[in-house]
Amino acid sequence: MGESIRILVGTTTGNTQYVAEEAQYQLKQADFEAEILPMDDLDAGVFTGGGIFLVCVSTYGYGDVPANAKKLYESLVKDKPDLSAVRYGLISLGDSSHAQTFCFAGRRFDQILQKLGARRLGEVLNHDASSGVMPEEAASGWMQLWTPAAREVLAV
């Protein structure tokens, strides 16, 4: 097929990068092209032209987006681009021992993307670091459901 999906990675410790690599592997197994883009130097312009994105982000501190994701998040809030041509999936990493802020960075991205017109494919994967399940393992199982939803969108 060769359809392209961009995987955006917001991480502090690097765990989210491993999740993105697993997602990329799963997508390639399903005949998608998948490019991993660390959020480090990205702004809202990354969504220009639309397409399908997989946002992989961890929560840091008191429910904050990771430092490398702040520029992108703040650009979305400030610039308010029309994202009606964007479809996305979301993998959010957090730790339920911080119940008040569990997976808040993912929630923040989910809310701003929807507010700007992007449409989410499938449910959000909120991975709990306290669960005993490796985040890449959780992502692998979740991708089994998300990948067919992405394929369906591309077929329309």
Under the Karplus curve 6.51 cos²θ - 1.76 cosθ + 1.60, θ = phi - 60°, whole-Hz ³J(HN,Hα) for the range 38-46, x wherever Gly or Pro sits:
x, 6, 2, 10, 8, 10, 4, x, 4
Please report Rg over Rh for the range 22-156, where both radii come from the alpha carbon positions and Rh follows the Kirkwood definition.
0.95
Under the rule of at least 5 residues apart or a separate chain, name every residue whose amide H is placed under 5 Å from the amide H of V55.
L8, G89, L90, I91
For a quick check: with amide H placed at 1.01 Å from N, whose amide H comes under 5 Å from R120's, ignoring anything fewer than 5 positions away on the same chain?
Y88
Starting at 0 and stepping by 5 Å, how many percent of the alpha carbon pairs of the range 1-64 end up in each bin?
4, 18, 26, 23, 17, 9, 3, 1, 0
Which order do E136, E123 fall in if you start with the one that has the fewest other Cβ atoms within 10 Å?
E123, E136
Can you work out the Karplus-derived ³J(HN,Hα) for every residue in the range 145-151? Use 6.51 cos²θ - 1.76 cosθ + 1.60 with θ = phi - 60°, whole Hz, and x for glycine or proline.
8, 6, 4, x, 5, 5, 4
With -39,500 (n - 2.57) per DSSP H segment of 4 or more residues and division by the full residue count of the chain, the 222 nm estimate, nearest 500 deg cm²/dmol, is -12000 deg cm²/dmol
Work out from phi, with θ = phi - 60° and the Karplus expression 6.51 cos²θ - 1.76 cosθ + 1.60, the ³J(HN,Hα) of each residue of the range 124-132, listed in order in whole Hz, and give x for Gly and Pro.
6, 8, 9, 8, 9, 4, 7, 6, x
Lysine pairs in the chain with Cα distance under 25 Å, only those 8 or more apart or on different chains: how many are there?
7
Using a Förster distance of 30 Å, the FRET efficiency for A99-S4 (Cβ separation, nearest 0.05)
0.20
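Values quoted throughout were computed directly from the atomic coordinates according to the rules given, and no laboratory measurement underlies them. No experiment lies behind these values; they were computed from the predicted model shown. A quick note on method: Cβ atoms are made from the backbone with ideal geometry, for glycine too, and the neighbour counts reach across all protein chains shown.
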